[in-house]
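The values are calculated or read from the model by the stated rules, or taken from the named source; none is laboratory data. This one's a predicted model, so the numbers in the text were calculated from it and none came from an experiment. Backbone-built Cβ (ideal geometry, glycine too); neighbour counts: all protein chains shown. The accessibility values were calculated without ligands, DNA or RNA, using every heavy atom of the protein model including side chains. Shrake-Rupley method; radii C 1.70, N 1.55, O 1.52, S 1.80 Å.
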Amino acid sequence: MKKLILSVFATFVLFACSSDDDGGSNNGGDIFITFKVNGTTYNMEPYTSASLQVEIGADQGINASYRAISLLMPTDYELGSHSITDSWDEDAYNASFSQGDITIDAVSGTLVITTINDDFIQGTFNFTGEDEDGMTYNITEGSFKADKL
């Protein structure tokens, strides 16, 4: 009997697990944030938080391999295309990217919210910014599906 229960449990675990290596395709119901930075693709699991603005962000790694992305929007965000600016107030749409000890605040870009429902918010984004040395970073082909607060 113990072998039968163990076999059933093992089978359940085997089929319940999914692969994270989907080649960058996020067609399922899972939350995700994916984007390219100067041509390099990153896939991360986002979080959603809110205070004066709603933040959809993600971070991973430590020290030199640390990277993070942040998309900020008003708490009353809505469907449609929104300009990402470098104006940091609660009604603006902002974005930033960090890698290691470098942080790039967006100076221009677009955040398109395509879906809002009871469970999640989904959309696309791209933006451009510079580090303190004047090097330009292009964040392109961004897409996300994150929990709605």
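Quick one: is residue 132 open to solvent by 50 Å² or more (accessible area, probe 1.4 Å), over 15 Å from the mean Cα position of the chain (by Cα) and at pLDDT 95 or above? No, not satisfied. Restricting the stretch 106-123 to residues that are of a type in the set (S, T, N, Q) and open to solvent by less than 60 Å² (accessible area, probe 1.4 Å) leaves a set whose member that is nearest to residue 146 (Cα to Cα) is 122. For residue 103, state whether it is open to solvent by 40 Å² or more (accessible area, probe 1.4 Å), within 19 Å of residue 33 (Cα to Cα), part of a strand (DSSP E or B) and at pLDDT below 95. So residue 103 fits the description; yes. Taking the criterion of being part of a loop (DSSP other than H, G, I, E, B), open to solvent by 50 Å² or more (accessible area, probe 1.4 Å) and within 14 Å of residue 111 (Cβ to Cβ), would at least one residue in the stretch 40-62 satisfy it? Scanning the stretch 40-62 turns up no residue that is part of a loop (DSSP other than H, G, I, E, B), open to solvent by 50 Å² or more (accessible area, probe 1.4 Å) and within 14 Å of residue 111 (Cβ to Cβ).
Pairs are defined by a Cβ separation below 7 Å, a sequence spacing of at least 6 or placement on different chains, a first member in the stretch 121-136 that is without any contact (Cβ under 8 Å) to a residue 12 or more places away in the chain, and a second member that is buried (at least 16 other Cβ atoms within 10 Å of the Cβ) and polar (S, T, N, Q); the pairs so defined are 136/128. The number of residues in the stretch 63-93 being open to solvent by less than 70 Å² (accessible area, probe 1.4 Å), of a type outside the set (Ser, Thr, Tyr) and not in a loop (DSSP other than H, G, I, E, B) comes to 10.
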